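Here is the structure we will look at, set down as structure tokens.
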Amino acid sequence: MHPKFLDILCCPETGESLVLREARYDRHGMVRAGMLASASGRCYPIVRGVPRFVSAEHYAGSFGFEWTRWPRVQFEDQNTGRPMAGHTTRMWERITGIAGDQPAEIAGKTVVDFGCGPGRFLDVVRRKGGVAVGIDLSVAVDAARRNFRDDTDVLIVQGDLAKPPFKPGVFDGGFTIGVLHHTPSPQAGLAAMARTLKPKAWAACCVYPRGDFYDFPSVARFRRLHHLLKPLVGYRFAMGWSYVAAHVIAPMLTAARRAGWRKTTDYIEQHILVALRLKDVRWRILDVFDAITPDMASTHTSQEVLQWMKAAGLGVAAVTPWCPTSVAGVRTASSGFLSPVLGGEGCGEGPNVGRRPLSQIEQAKSTKTVAA
Ligand SMILES: C[S@@+](CC[C@H](N)C(=O)[O-])C[C@H]1O[C@@H](n2cnc3c(N)ncnc32)[C@H](O)[C@@H]1O
């Protein structure tokens, strides 16, 4: 970490400021090792350039494994000239509603990513001219730090997003994409992120939508199988299936669909086999593994996400065009909604329903947890 980030960090237990002790620097002025200490005597180590506010990955171990194995597959520079080129940037832009090269919301601003994994979206923030801060519970933070090794404008911390080690009101914007449904309380996670934002800062949240791929009975069955076998074979079953699904099953399903067997392939995908028909085989492997290994995963409705936003004091501007559970807003001084600003076209690719008037958003159903 670069020492300039000390100003935004605090003790996650007490909120006290932290001081740097026993720091060892590299030639870029980055702290590679040392200690962060609070006045009341709490100490947090900095290991391999990452301040550590938790001593274990807890329920996020599968992600530590996943991102250590595939740390850059979803980064833009790994996809130039390949089938998924531009996907990560497009996804981020559609979820946040912020587009362009150096947008005012990002350029020169400090933006936080709650649940950054190896940092594909931090990379988008950097490309758009922002200072990027990421927090993750798993050892994905080591992959993230390696991905931004000498970048003094990136801070990565290992911590629990429900108890973030950031002072209140320090960020100009914040987002959490594909993360909160893997935590025990998505609403508490979003509220924790909101507290770290300045008044009028922008915020975006995207979670698994109810009834989509992650709710398929086939996915639930493969998760159960993985968790049954994990004490015996670790991640070998999930790895093996991910490669078979990506190299064999997905191409067969694609061919069958082209031959007109749409109903049959839908049934197989939803009820029997987990496979994704993404265009790049590396993404297919990664995303099947990601779907069948988490310890905790839930799906949600738009209405639920809107309620979390409201409770967190985030005025909702729009359900953004990525999926029904992708919502962007603005931190209001106190709790409450801003007037909805809606409209625009639905876009073509991926899970995408287009912008939808709030009045059309489906009614809340109870949160369904599919913990394996
Ligand atoms: C599916 S990955 C998404 C990573 C990244 N947002 C992306 O889309 O590339 C979910 C991430 O959330 C992290 N995570 C889960 N629970 C967390 C928590 N309580 N605090 C911080 N990170 C958490 C996991 O470690 C994992 O890296």
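A few remarks follow.
- Kirkwood hydrodynamic radius (C-alpha pairs) into Stokes-Einstein, region 71-129, 10 °C and 1.306 mPa s, D in µm²/s: 134 µm²/s
- Peptide packing for 115-121, 153-159 was compared via the average number of neighbouring C-beta atoms within 10 Å per residue; ordered from the highest value, the list is 115-121, 153-159.
- Projecting label points 7 angstrom from Cα along Cα→Cβ for Leu232 and Ser185 puts them 3.8 nm apart.
- Normalised contact order of region 1-139, rounded percent, pairs of Cα under 8 Å and 6 or more residues apart: 17 percent
- With 10 Å bins beginning at zero, the pair-distance distribution over Cα atoms of region 213-292 amounts to 21, 51, 24, 4, 0 %.
- For region 164-220: relative contact order, % (alpha-carbon pairs under 8 angstrom, 6 or more apart): 43 percent
- As a proxy for reagent exposure, Arg24, Arg32 were ordered by neighbouring Cβ count within 10 angstrom, fewest first; the result is Arg24, Arg32.
- Couplings 3J(HN,Hα) of region 60-66, computed from phi: 9, x, 4, 6, x, 5, 4 Hz, in residue order, whole Hz [Karplus 6.51 cos²θ - 1.76 cosθ + 1.60, θ = phi - 60°; x for Gly and Pro].
- Percent of C-alpha pairs per 10 Å bin, the chain, short to long: 5, 23, 34, 25, 10, 2, 0
- Longest DSSP-loop-exposure-free segment, GluC sites (Glu not before Pro), the chain, at most 11 other Cβ within 10 Å: 1-344
- Cα shape, region 5-144, gyration tensor, a/c 1.5 rule: prolate
- Ranking of Leu20, Leu314, Leu278 by neighbouring Cβ atoms within 10 Å, starting from the fewest: Leu20, Leu278, Leu314.
- For region 322-328, 3J(HN,Hα) per residue [Karplus equation, 6.51 cos²θ - 1.76 cosθ + 1.60, θ = phi - 60°, Hz, x = Gly/Pro]: 7, 7, x, 10, 10, 10, 10
- A cut-off of 5 Å between modelled amide H atoms, ignoring neighbours fewer than 5 places along the same chain, links Ala203 with Gly174, Gly329, Val330, Arg331.
- Relative contact order of the chain, defined on C-alpha pairs under 8 angstrom at six or more residues apart (%): 15 percent
- Between Leu190, Leu253, Leu180, the residue with the greatest mean-square fluctuation in the GNM of the chain (Cα pairs under 10 Å linked by springs) is Leu253.
- Highest-fluctuation residue, Gly97, Gly61, Gly81 considered, GNM on the chain with Cα pairs under 10 Å: Gly81
- 5 angstrom amide H check on Phe166, placed H, neighbours 5+ away: Cys10
- When each of Lys200, Lys109 is scored by the number of other beta-carbon atoms lying within 10 Å, the sequence from fewest to most is Lys200, Lys109.
- Region 213-292 - charge dipole about Cα centre, Lys and Arg +1 at Cβ, Asp and Glu -1, debye rounded to 20: 140 debye
- Gain in span if fully extended, Ala255 to Leu225, counting 0.36 nm per residue against the direct Cα distance: 8.1 nm
- Relative to the Cα centre, the charge distribution of the chain, modelled as +1 at Lys and Arg Cβ and -1 at Asp and Glu Cβ, gives a dipole magnitude of about 440 debye.
- For the chain, DSSP calls about 55 percent of its internal beta bridges antiparallel.
- Extension gain, Arg21 back to Ser55 (0.36 nm per residue minus Cα-Cα distance, nm): 10.4 nm
- Highest-MSF residue in the chain out of Arg262, Arg221, Arg27 [GNM, Cα springs under 10 Å]: Arg27
FYI, it's all coordinate maths here, none of it is from the lab. If you're wondering where the values come from, they're calculated on a predicted model, not measured in any experiment. Cβ sites come from the backbone with ideal geometry, for glycine too, and all protein chains shown count toward neighbours.
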